[in-house]
1. Among the listed residues Glu294, Glu266, Glu323, which satisfies the condition of being surrounded by fewer than 17 Cβ atoms within 10 Å (Cβ to Cβ), free of Cβ contacts under 8 Å to residues at least 24 places away in the same chain and more than 30 Å from Met527 (Cβ to Cβ)?
2. Among the residues that make up the stretch 4-12, is at least one of them part of a helix (DSSP H, G or I) and closer than 21 Å to Phe123 by Cβ?
3. Scanning for something surrounded by 14 or more Cβ atoms within 10 Å (Cβ to Cβ), within 30 Å of Asp285 (Cβ to Cβ) and out of contact with any helix residue (DSSP H, G or I) (no Cβ under 8 Å at 6 or more places or on another chain), does the stretch 225-247 turn up at least one residue?
4. In the stretch 142-221, which helices (runs of 4 or more DSSP H) lie fully inside it and hold 1 or more residues that are surrounded by fewer than 21 Cβ atoms within 10 Å (Cβ to Cβ) and of a type in the set (Asp, Glu)?
5. Can you tell me which condition Gly89 does not meet? The list is (1) touching a residue at least 12 places away in the same chain (Cβ under 8 Å); (2) of a type in the set (Gly, Ala, Ser); (3) part of a helix (DSSP H, G or I), and all the others hold.
6. Within the stretch 66-89, can one find any residue that is basic (Lys, Arg) and out of contact with any helix residue (DSSP H, G or I) (no Cβ under 9 Å at 6 or more places or on another chain)?
7. From the list Leu72, Leu63, which residue is over 22 Å from Ile20 (Cα atoms) and within 15 Å of the chain's Cα centre (by Cα)?
8. Collect the residues in the stretch 292-311 that are in contact with a Phe, Trp or Tyr (Cβ under 9 Å, 6 or more places away or on another chain) and not in a helix (DSSP H, G or I), keeping them in residue-number order.
Amino acid sequence: MELKSRLKKNENWMIAVLVILILGIFAGAKFDYYYDLNDDVLMKDILAGVYTGTPEGHNIQMLWPISALISLFYRIARPLPWYGLFLCGCHFGCFFLILKRSLKLNETWTGKLAVALTEGLFFTGLFLEHLIYAQYTVTCTLLGATAAFLFYTTDSDLPAKDFIRKNIPSVLLVAVAYLIRSEMLLLVLPMICVAGVAKWGSETKIFTKENSIKYFTVIGLILGGILLGQLIHRIAYGSLEWRTFTEFFDNRTELYDFQEPPSYEEHREFYDSIGLSESEKVLLDNYNFGMDEEIDETMVGEIAAYAGKNKSAKKPFMEKLPEKLKYYVYRFTHGPEDTGSDYPWNYSVILTYLVAFLLALPKKAKDEALEACGKIGYLKNALGALWKLAFLFVVRTLLWMFILMRDRDPARITHSLYLMELCILTAMAFSEWCQIRHETTRKLGGYVALAGFLILSLVMLPDSIKKVDAGQKEREGANAPYQELYQHLSAQENADNFYFIDVYSSVAYSEKMFEAVDNSLDNYDIMGGWACKSPLQRKKLKIFGIENMEQALKDQENVYFVRKSSEDMQWIWDYYEGHGTPVEVTLVETVAEVFEIYKVEAAG
């Protein structure tokens with residue numbers, strides 16, 4: 001009897017753990033985990049000590065507290081893939097928390113098993129791509145979305161003290177999400193606020209002292225966690241060197257992510273005014289701006305501002321708005337056969353809006369008088385659900401239009417927006433279902449809703465597996481020459497050399513998280529990118545006796561230039577010629593029939 005009681009008490013944990021184990025074994029046995037982009041690889045390299053020889057707490061992309069914590073684990077046990085473990089831990093941990101809370105809202109074994117099966121398949125079908133190809137922007141949003149789900153499904157009848165205590169995990173999840181990717185968390189924060197307003201608005205009596213304490217305390221703790229993380233980050237990046245680089249980084253991000261360098265011929269007068277020649281402007285076009293020390297934070301800021309003005313002049317806001325609104329509607333409403341649609345994310349969200357509304361209709365009324373009025377009660381419930389769903393939809397539309405108007409909508413951002421919206425809608429649906437008036441209606445409504453999601457999951461899952469499987473083969477093929485190149489560069493006979501790699505020649509590479517982990521110092525670097533001109537890059541180059549990229553390539557015997565044979569390199573002759581130091585460029589060797597290694601020397 002005692003064992004049965006203990007099993008009953010821990011059944012939600014056990015079921016959730018079992019589902020996570022099944023998902024983990026399936027994913028790990030069938031696929032290899034990857035860092036999604038070469039940016040993620042560089043972040044890992046900085047944290048692990050691959051970049052500078054020492055695990056670094058200043059990861060540039062993340063805020064300092066979380067970056068420093070991960071780097072600490074590398075300092076303790078450097079050979080282990082801590083960053084990969086961290087990302088995967090966040091993904092599986094968040095799904096565990098959502099599933100466990102969902103199971104808690106169900107009382108019967110059949111209900112729990114139905115929820116576990118449906119959520120397991122739904123999560124796999126929808127999120128498998130991001131589970132296998134991890135990207136910290138999506139990780140950030142998953143943490144925030146989990147926080148919103150847990151907050152919204154917290155029992156409203158709890159006393160203030162217990163309500164606040166129950167939401168400490170949500171506060172911590174938002175704080176960690178902000179540390180991982182502050183810009184993304186701030187982008188989805190309005191939707192988290194919608195969840196807060198909708199939750200508070202669902203109270204029987206909204207403006208009471210008890211409710212004010214509950215909700216303002218949770219809001220205050222979330223804001224406090226964000227502000228504390230930002231303060232510590234500012235202090236950690238407070239040196240003049242880091243502040244200068246941060247300004248450069250922000251201006252570079254604005255230029256490349258939201259604008260683009262204007263053409264030289266059409267805007268020669270502007271470039272002359274800031275002292276940038278045509279051969280130097282090419283470095284901005286091919287991202288190899290690390291070659292030129294004069295391309296600093298001020299110059300990049302001026303170019304970004306000028307590019308923004310020109311972009312606005314070419315297509316004014318009011319002219320662009322209808323075009324982007326039409327594109328927004330197309331992406332949200334079209335299906336799997338339509339190019340550019342957001343299927344299956346859009347269909348999942350549409351279904352969840354519908355389920356959340358329908359489950360709200362037969363819920364218990366807030367007082368006996370309304371309970372006695374059948375149709376009036378249903379109308380009241382419909383209006384109560386509509387304002388929440390409409391509020392969320394308006395906010396999501398504004399966020400979508402914001403990113404579309406800025407012409408910055410990669411999948412890692414758009415899928416993140418869908419993910420946050422989906423978790424909030426699911427929380428609303430569960431909350432409405434728990435309040436359904438009659439037991440029979442509640443069971444029937446729950447099973448019908450689960451059946452809808454199960455059908456969608458079974459439709460999504462084969463395509464999702466096929467897509468990830470195709471991605472694995474594609475990455476294996478793309479990575480093969482890079483692996484040969486990097487093994488060649490780090491071979492014993494080349495250990496004293498240093499190699500500068502053309503940026504466009506490096507972008508197709510991604511790396512497996514847990515296979516052939518080597519966290520030793522690399523003797524190569526790309527000639528641009530988001531870590532270029534940072535204190536970390538200067539530290540790395542100093543290890544190899546390099547103070548200036550331009551001079552080192554031309555003057556140091558052990559420094560070489562690497563490019564893909566398919567990439568242009570005329571710019572390197574033009575650049576040195578423009579600086580009055582003509583060079584001769586000699587092919588030294590070819591690697592994997594793809595990469596060419598050159599020696600650059602002053603022309604004799």
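The values are calculated or read from the model by the stated rules, or taken from the named source; none is laboratory data. All values derive from a computational prediction rather than experimental measurement. Methodologically, a virtual Cβ is constructed for each residue, glycine included, from the backbone with ideal geometry; neighbour enumeration extends over all protein chains shown.
1. On the way: Glu294 fails: more than 30 Å from Met527 (Cβ to Cβ); Glu266 fails: more than 30 Å from Met527 (Cβ to Cβ).
Selected residue: Glu323, the only one of Glu294, Glu266, Glu323 that is surrounded by fewer than 17 Cβ atoms within 10 Å (Cβ to Cβ), free of Cβ contacts under 8 Å to residues at least 24 places away in the same chain and more than 30 Å from Met527 (Cβ to Cβ).
2. To start, the set of residues in the stretch 4-12 that are part of a helix (DSSP H, G or I) comprises 4-9, 11-12.
Checking which are closer than 21 Å to Phe123 by Cβ leaves us with 11-12.
So far as the stretch 4-12 goes, yes, one or more of its residues are part of a helix (DSSP H, G or I) and closer than 21 Å to Phe123 by Cβ.
3. yes
4. Details: elements: 160-166, 168-180, 182-201.
Per the criteria, 160-166, 182-201.
5. (1) is the only condition that Gly89 fails.
6. Going residue by residue through the stretch 66-89, those that are basic (Lys, Arg) are 75, 78.
Subset that is out of contact with any helix residue (DSSP H, G or I) (no Cβ under 9 Å at 6 or more places or on another chain): 75.
The answer is yes; a qualifying residue exists.
7. Values: Leu72 fails: within 15 Å of the chain's Cα centre (by Cα).
None of the others qualify; the one that does is Leu63.
8. Asp292, Ile295, Asp296
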